[in-house]
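Student: Dumping the structure here so I can ask a few things about it.
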Amino acid sequence: MKARHKRLVFVGVGVAALGVVAALLLNAFNSNMVFFYSPTDVLANKAPADRSFRLGGLVENGTLQRENDGLTVHFFVTDNAERIRVTYSGILPDLFREGQGVVTQGKFGADGSFMASEVLAKHDEEYMPPEVAEALEKGKQAQLEKELGNASIIGGKEGI
Amino acid sequence: MQMLTKAFWLQLSTPKAFYPVAGTLAPCFMMLAVILCVIGLYIGFFVAPVDYQQGNSYRIMFIHVPAAWMGMFIYLVMCAYATIGLIWNTRLSSMMASALAPTGALFTFIALWSGAFWGKPTWGTYWVWDARLTSFLILLFLYIGYMSLQAAIDDQQKAAKASALLALVGVVNIPIIYFSVKWWNTLHQGMSVTVTDAPTMAPSMAWSMFIMAFAFWMYAIGIALMRVRTIILERERHAAWVQDLGNKGANHG
């Protein structure tokens, strides 16, 4: 075996071993790599109870309420399975809106709602012009109506 | 014929033969970079539409995403050169690895910096310690560590070997960066561009991003070739041909 072959094997084995070590380490620290907990995680008591943690999910449609002081807001964060009520007092990021992703940091308050000290907006990886978004939304609704229509036709047949 | 081409490539891989070739190629790559950059930015600012959620602020992406790609890609290329230098003891590959490091670090820094300025108006914060952002910061530290280690060791061969090992250790970070948004939940959004699927954005947006990525790529090659020329002169300063070059330059001056 030539010296350079030895070095080649040494480097190859070294990098492979490092890869395995990294994979094992990341696996072991997996729970610490979580940036936020979903409402399902929180209700399953996976989030720390005694200190502040991050709760992430979608702002549920139609749940945003503003108090008269103009700063305090209430909304529900959902992962489409569970929901948690969040209270926050402060300036919201521009992208914050119902139906959008959000990551909040805080603790549960006495009234059982999550008292957030910070609210960050999370956006997805889709970028499109407003017209396209509108057309997509229309298409979705047309699809929904069609499905509903079909359902009623089928229902009608069954009725007969 | 095959022997001839092999001899040609071997010849080219010596610092002496590569020095003038790099000098000829570097300006061509730089020209390409400027042209592509102008086209890419024009499409990005004047052709690509506003985003339905973010309005205009998403346009930072045309700098941010290509810079991030290049930061990761240059690290892999640098690692490949460093490994070839480590195994086959070829001088030029170690020089190329050293020449790429500052450019990789620059792109990594640009990606982090532009990301912070994108994060503030969209997320509401400049920085969070999520898996994607943290692993990318580690990439910047790897570049800085690589360059400092080379600068700290006087013996060139030892410096090349030690820094190559450091670069190889750091290479595990690249897949971690790439897959971080898939493996863990992060504040950073997922991938818009993947190998298998069409980009999840309007075509003109994607075009601007790809053209900018090519512009950055050409710049990286051009600047690395320029830098490797100075590295060749520095490391080969005792060679007869470099001395001759110096004497010629002195006579002309």
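The values are calculated or read from the model by the stated rules, or taken from the named source; none is laboratory data. Remember, predicted model here, so these are calculated numbers, not experimental data. Note that we place each Cβ from the backbone using ideal geometry, even for glycine, and neighbour counts take in every protein chain shown. Keep in mind that these areas ignore ligands, DNA and RNA; they rest on the heavy atoms of the full protein, side chains included. Shrake-Rupley method; radii C 1.70, N 1.55, O 1.52, S 1.80 Å.
Student: Restricting things to alpha carbons, tell me how big segment B:148-191 is in terms of Rg and Dmax, in Å.
Tutor: Both quantities, over Cα of segment B:148-191: 15.9, 45 Å.
Student: How would you classify chain A from its alpha-carbon gyration tensor, with a ≥ b ≥ c the square roots of the eigenvalues: rounded for a/c under 1.5, else prolate if a/b is greater than b/c, otherwise oblate?
Tutor: Details: a/c = 2.35, a/b = 1.46, b/c = 1.61.
Taking the square roots of the gyration eigenvalues as a ≥ b ≥ c, chain A is oblate.
Student: OK, next. Whole Å is fine, so just give me how far the alpha carbon centre of segment B:2-50 lies from that of segment A:42-104.
Tutor: 50 Å
Student: Loop only per DSSP, at most 13 neighbouring Cβ atoms within 10 Å: give me the chymotrypsin sites (Phe, Trp or Tyr not before Pro) in segment A:1-102, ordered by residue number.
Tutor: A:F29
Student: Heads up, I need the accessible area for B:D197: 1.4 angstrom probe, whole protein in place, Å², nearest 10.
Tutor: 100 Å²
Student: Then there's this: Using a 7 Å offset from the Cα along the Cα-to-Cβ direction at both B:V195 and B:A151, what is the distance between the two label points in nm, to one decimal?
Tutor: Modelled inter-label distance: 3.6 nm.
Student: At a 1.4 Å probe, which residues in segment A:87-109 are at least 40 Å² less accessible with all protein chains present than in their chain isolated?
Tutor: Correct list: A:L95.
Student: Divide by every residue of chain B the summed helix terms, -39500 (n - 2.57) for each DSSP H run of at least 4, and state the resulting mean residue ellipticity at 222 nm, rounded to the nearest 500 deg cm²/dmol.
Tutor: Estimated from H runs of four or more residues: -26500 deg cm²/dmol.
Student: Could you tell me which GluC sites (Glu not before Pro) in segment A:36-121 are loop residues by DSSP with no more than 12 other beta carbons within 10 angstrom of their beta carbon?
Tutor: A:E67
Student: Would you calculate the separation in nanometres between label points at A:A142 and A:A17, each defined as 7 Å from the Cα along the Cα-to-beta-carbon direction?
Tutor: My value for the distance between the label points is 6.2 nm.
Student: Accessible area of segment A:34-158 with a 1.4 Å probe: how many percent of it is carbon plus sulfur? Write down the numbers at each step before the final one.
Tutor: Details: 3730 of 7410 Å².
Here it works out to 50 percent.
Student: How many nm is it between the label spots at A:E67 and B:L4, if each spot is 7 Å from the Cα in line with the beta carbon?
Tutor: 8.6 nm
Student: Now, a different point. Report the charge-dipole magnitude of segment A:36-160 in Debye, nearest 20, computed about the Cα centre from +1 at each Lys and Arg Cβ and -1 at each Asp and Glu Cβ.
Tutor: Using Cβ point charges on Lys, Arg, Asp and Glu, segment A:36-160 gives about 300 debye.
Student: Right, next: Compute for chains B and A the buried accessible surface, both sides summed, probe 1.4 Å, and express it in Å² to the nearest 100.
Tutor: 3300 Å²
Student: Another one. 222 nm [θ] for chain A, helices only, -39500 (n - 2.57) per DSSP H run of 4+, per residue, to 500?
Tutor: -13000 deg cm²/dmol
Student: Same structure, new question: Of B:S163, B:T122, B:A220, which is farthest on the positive side of the dipole of segment B:20-248, counting Cα position, with +1 on Lys and Arg Cβ, -1 on Asp and Glu Cβ, and the Cα centre as origin?
Tutor: B:S163
Student: Only Lys, Arg, Asp and Glu count, each charged at its Cβ (+1, +1, -1, -1), so figure out the dipole size of segment B:141-247 about its Cα centre, rounded to 20 debye.
Tutor: Dipole size: approximately 80 debye.
Student: Counting partner chain Cβ atoms within 10 Å of every residue's Cβ in B:114-124, what's the average?
Tutor: Other-chain Cβ atoms within 10 Å of each residue's Cβ, averaged: 4.
Student: Oh, and also: Classify chain B as rounded, prolate or oblate, taking a ≥ b ≥ c as the square roots of the eigenvalues of its Cα gyration tensor: rounded when a/c is under 1.5, otherwise prolate if a/b is larger than b/c and oblate if not.
Tutor: In terms of gyration-tensor shape, prolate.
Student: Where both residues lie in segment A:77-127, what percent of DSSP beta bridges are antiparallel, nearest 5?
Tutor: 75 percent
Student: Across peptide A:123-136, what mean number of C-beta atoms from other chains lies inside 10 Å of a residue's C-beta?
Tutor: Averaged over the peptide's residues, the number is 6.
Student: Out of A:A135, A:G112, A:N68, whose Cα points farthest toward the positive end of the dipole of segment A:50-160 (charges: +1 Lys, Arg; -1 Asp, Glu; placed on Cβ)?
Tutor: A:G112
Student: Could you report the protein assembly as shown's accessible area per residue, 1.4 Å probe, as an integer in Å²?
Tutor: Result: 55 Å² of accessible area for each residue.
Student: Once the Cα atoms of helix A:130-159 and of chain A are each reduced to a long axis, what angle between those two axes, in degrees from 0 to 90 to the nearest 10, is obtained?
Tutor: Helix A:130-159 and the main axis of chain A meet at about 60 degrees.
Student: Another one. What does the average come to when, for each residue of peptide A:28-37, you count the partner chain Cβ atoms lying within 10 Å of its Cβ?
Tutor: For this peptide, the per-residue mean of nearby foreign Cβ atoms is 4.
Student: Also, quick follow-up: Is any helix in chain B, taking whole DSSP H runs, at least 24 angstrom long along its axis by alpha carbon and on average at least 1.6 on the Kyte-Doolittle scale, and which ones?
Tutor: B:15-42, B:61-88
Student: Longest segment of chain A with no trypsin sites (Lys or Arg not before Pro) in a DSSP loop having at most 13 other Cβ atoms within 10 Å?
Tutor: A:52-160
Student: Taking all protein chains as present, what is the carbon and sulfur share of the accessible area of segment B:20-248, in % to the nearest whole number, probe 1.4 Å?
Tutor: Roughly 72 percent of what the probe reaches on segment B:20-248 is carbon or sulfur.
Student: Additional query: So for segment B:20-248, averaging the separation of alpha carbon pairs under 8 Å that are six or more residues apart and normalising by length, what relative contact order in percent results?
Tutor: Relative contact order comes out at 36 percent.
Student: In addition: Tally the DSSP beta bridges in segment A:34-158 and give the antiparallel ones as a percent, rounded to 5.
Tutor: In segment A:34-158, DSSP labels about 85 percent of beta bridges as antiparallel.
Student: As an exercise, use a Förster radius of 22 Å and the Cβ-Cβ distance of B:L233 and B:C28 to find the FRET efficiency, rounded to the nearest 0.05.
Tutor: 0.60
Student: Can you compute the label reach from A:N30? Point 7 Å from Cα along the Cβ direction, backbone N cut-off under 20 Å, restricted to segment B:175-196.
Tutor: Once the point is set 7 Å along Cα→Cβ of A:N30, B:175-187 turn out to lie under 20 Å by backbone N, inside segment B:175-196.
Student: Going by alpha carbons, how many degrees (0 to 90, nearest 10) lie between the helix axis of A:3-28 and the longest principal axis of chain A?
Tutor: 40 degrees
Student: Can you tell me how segment B:1-149 classifies by the Cα gyration tensor, rounded, prolate or oblate, using a/c under 1.5 as the rounded cut?
Tutor: oblate
Student: Treating only the Cα positions of the protein assembly as shown as identical point scatterers, give the base-10 log of I(q)/I(0) from the Debye formula at each q in 0.06, 0.07, 0.09, 0.13 Å⁻¹.
Tutor: Debye intensities relative to I(0), on a log10 scale: -0.36, -0.48, -0.73, -1.19.
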